[in-house]
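Undergrad: Below is a structure I'd like to ask you about.
The values are calculated or read from the model by the stated rules, or taken from the named source; none is laboratory data. These figures come from a predicted structure and were not determined experimentally. When we count neighbours, we look across all protein chains shown, and the Cβ atoms used for this are built from the backbone with ideal geometry, even at glycine.
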Amino acid sequence: MLVTGAGPVGLLAGLMGVQRGLDVHVLDHHEEGPKPALARELGATYHSDGGDMARLQPDIVMECTGAPSVIRDCLGVTAPAGILCLAGVTAPGNKFDLDIGSLNRIIVRDNDVCLALSMPTAGTTRWRPMRLLAPPRPGSDA
């Protein structure tokens, strides 16, 4: 499992992965300070090099930064049949180049699934799926 972002949401995602026995890797741009130490204390491997994403080929990616460039870099780095979960919040109006044809080929050929989640509501501990991010089917209104 790869978690991008070592903020509160990312560290929580990492902790949940470690508690479930997953091999958790946390990626954040800070090389020093409390974030690397906190990730390691949770039982995760810490990375500060974005190039590690593709080398890891994780089965699960929890994107917790909400940064458009990180989201773009997460697309297509999972192992075949991997899952990308977008848990970070992005401010509206951010635009970046994305080769949608390449993304479509990766999702279809590798059976990747992208899932956006909403935070647990008061009194619950479960993440709720908001929508499935996948290519629309022919003839659908999506």
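Undergrad: Mind checking which residues of the stretch 58-81 are modelled with pLDDT under 90 and either of a type in the set (S, T, N, Q) or loosely packed, with under 14 Cβ neighbours inside 10 Å (or both)?
TA: Residues satisfying the conditions are S69, T78, P80, A81.
Undergrad: Of all residues being of a type in the set (D, E, K, R) and surrounded by fewer than 19 Cβ atoms within 10 Å (Cβ to Cβ) in the stretch 6-28, which is nearest to G51 (Cα to Cα)? Just the residue, please.
TA: Going through the qualifying residues, I end up with D23.
Undergrad: Working only within the stretch 44-54, note down all residues that are modelled with pLDDT of 90 or more and out of contact with any Lys or Arg (no Cβ under 7 Å at 6 or more places or on another chain).
TA: From the stretch 44-54, those modelled with pLDDT of 90 or more are 44-49; that's our starting set.
Passing the criteria: A44, T45, H47, S48, D49.
Undergrad: I would also like to ask the following. May I ask you to say which residue of P120, P129 is within 16 Å of the chain's Cα centre (by Cα) and at pLDDT below 75?
TA: So the residue among P120, P129 that is within 16 Å of the chain's Cα centre (by Cα) and at pLDDT below 75 is P129.
Undergrad: While we're looking at this one, here's another question. Select from the stretch 87-105 the residues that are outside any helix (DSSP H, G or I) and surrounded by 12 or more Cβ atoms within 10 Å (Cβ to Cβ) and write down the one among them that is modelled with the lowest pLDDT.
TA: Of all residues in the stretch 87-105, those outside any helix (DSSP H, G or I) come to 87-99.
Narrowing the set further to residues that are surrounded by 12 or more Cβ atoms within 10 Å (Cβ to Cβ) leaves 87-88, 90, 98-99.
On the way: A87: 88, G88: 86, T90: 81, L98: 70, D99: 74.
Of everything passing the filter in the stretch 87-105, L98 is modelled with the lowest pLDDT.
Undergrad: Being of a type outside the set (K, R), at pLDDT 85 or above, out of contact with any His (no Cβ under 7 Å at 6 or more places or on another chain) and not in a loop (DSSP other than H, G, I, E, B) is true for just one of L84, L115. Which residue is that? Don't jump to the end; show me each part of the working.
TA: Details: L115 fails: at pLDDT 85 or above.
The unique qualifying residue is L84.
Undergrad: Continuing with this model, one more query. List the strands (runs of 3 or more DSSP E) inside the stretch 1-71, counting only whole elements, that have at least 3 residues being within 10 Å of the chain's Cα centre (by Cα). Please lay out each step first, then the result.
TA: Details: elements: 2-4, 25-27, 45-47, 60-63.
Fully inside the stretch 1-71 and qualifying: 2-4, 60-63.
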